[in-house]
Amino acid sequence: MEEIDSKAILENYGLFMDDISQIRVVDSKSADSAQNTKHCTDKFVDDTKDLQRILKAFSQESSKLSEQVKQRKLIAIAARAKLQAVTRESELEKIALLEKIEEQKLHAERLRSEHDALKKIEQNQNIILQQFNN
């Protein structure tokens, strides 16, 4: 009973006895609660640091992937531009060849017309020669 009275007197002054009879400023429940809170806080801080580490690694990996995508995009754009240039070049070559074909057709037609005209002249000259010979 004397122990209970002494505990009550000490508690009135804000002092508490723990389970091994040491005097404490804080009661054992509050101390346990504070210790538990400290443990949870430490765990939370560790988890937060882990999360920051994971986020940093994720950010770095995302940056690497972003750079790779940018490089591939530039390569694709260059390939598309080259393909368009080759297509344009082949189209211009096709047009030039078609123009040359038309030019050759016109030249052949002129030669045919000239040949026909020369044939007529030859026939006329042959007729004139026959008339002189007769």
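What follows is calculated from the coordinates using simple rules that are stated; it is not laboratory data. The structure displayed is predicted, hence computed values, not measured ones. Here Cβ is always computed from backbone atoms with ideal geometry, including for glycine, and neighbour counts include all displayed protein chains.
By the rule of a C-alpha distance below 22 Å, with chain neighbours fewer than 8 residues away ignored, the lysines paired with Lys38 are Lys29, Lys49. Among residues other than Val45 whose Cβ falls under 15 Å from its Cβ, what is the net charge (Lys/Arg +1, Asp/Glu -1)? Taking every other residue near Val45 into account, the sum is 0.
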